[in-house]
1. Based on the Cβ-Cβ distance of ARG49 and LYS129, what FRET efficiency does E = 1/(1 + (r/R0)^6) give at R0 = 41 Å, to the nearest 0.05?
2. Over the chain, give the accessible area per residue in Å² for a 1.4 Å probe, as an integer.
3. Based on the alpha carbon coordinates of the stretch 16-135, what radius of gyration and maximum Cα-Cα distance (Dmax) apply, in Å?
4. Could you please tell me the mean projected area of the C-alpha convex hull for the stretch 20-60, averaged over all directions and given in square nanometres to one decimal?
5. Remind me, relative contact order of the chain in percent, using alpha carbon pairs under 8 angstrom and six or more residues apart?
6. Can you compute the helix-only [θ] at 222 nm over the chain? Use -39500 (n - 2.57) per DSSP H run of at least 4 residues, normalise by all residues, nearest 500 deg cm²/dmol.
7. Given a Förster distance of 22 angstrom, what is the FRET efficiency for GLN57 paired with ASN99, based on the Cβ-Cβ distance and rounded to 0.05?
8. In nm, to one decimal, how far is the modelled label at VAL23 from the one at THR8, with both set 7 Å along Cα→Cβ?
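The values are calculated or read from the model by the stated rules, or taken from the named source; none is laboratory data. Not measured: the values here are computed from a predicted model. Glycine also receives a Cβ, built like all others from the backbone with ideal geometry; neighbour counts cover every protein chain displayed. Protein only, heavy atoms only, side chains kept; ligands, DNA and RNA dropped before computing areas. Shrake-Rupley method; radii C 1.70, N 1.55, O 1.52, S 1.80 Å.
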Amino acid sequence: MTPLTVSTQVTIMIFAPLAVGAVFTFLSVWLSGRNATKNARRQNDLAARLKLADFRQAWIDQLRASLSELQSLGLSSTNETKEMQDLYRLGAKIRLLMNRKDVNYGTLSNLIDLLTMNADFEGRCKVVKDMTPLS
């Protein structure tokens with residue numbers, strides 16, 4: 001093996017640390033970019049879940065408000081045309097807001113029908129009494 005010349009030794013001493021530094025710099029930039037991408041993806045997923053939760057809460061609030069309005073209107077209704085239209089409109093809105101796959105959908109739908117068709121006050125009171133816990 002031939003001994004290294006002084007100029008070769010100087011070259012190795014200068015450029016070897018530069019080459020190693022360049023490799024480490026490249027790796028650190030690459031890892032930082034990869035971590036930033038993962039963090040951005042996680043933040044987007046979290047934001048999407050939070051937005052979905054907001055939409056779901058608004059839907060539940062609207063369903064509850066419609067149910068309470070239907071029940072109060074059903075108890076105070078005097079069977080006038082305008083009030084009956086409001087009862088039918090609220091019943092249809094509640095059916096549209098409800099999940100058809102819910103186990104209580106059929107029962108609640110039947111109670112809405114009974115509330116809109118029942119002319120006597122006592123009958124409507126019984127329907128509302130049955131509807132409240134189911135809602």
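1. Values: r = 38 Å, r/R0 = 0.92.
E between ARG49 and LYS129, to the nearest 0.05, is 0.60.
2. On the way: 10070 Å² over 135 residues.
Accessible area per residue: 75 Å².
3. According to the Cα coordinates of the stretch 16-135, Rg and Dmax are 27.8, 96 Å.
4. Details: hull surface 8.8 nm².
So the mean shadow area of the Cα hull is 2.2 nm².
5. Details: 52 pairs, mean separation 27.1, N = 135.
For the chain, the relative contact order is 20 percent.
6. Details: 4 runs with 115 residues, N = 135.
Theoretical 222 nm ellipticity from helices: -30500 deg cm²/dmol.
7. On the way: r = 15 Å, r/R0 = 0.69.
The formula returns an efficiency of 0.90 here.
8. Modelled inter-label distance: 2.0 nm.
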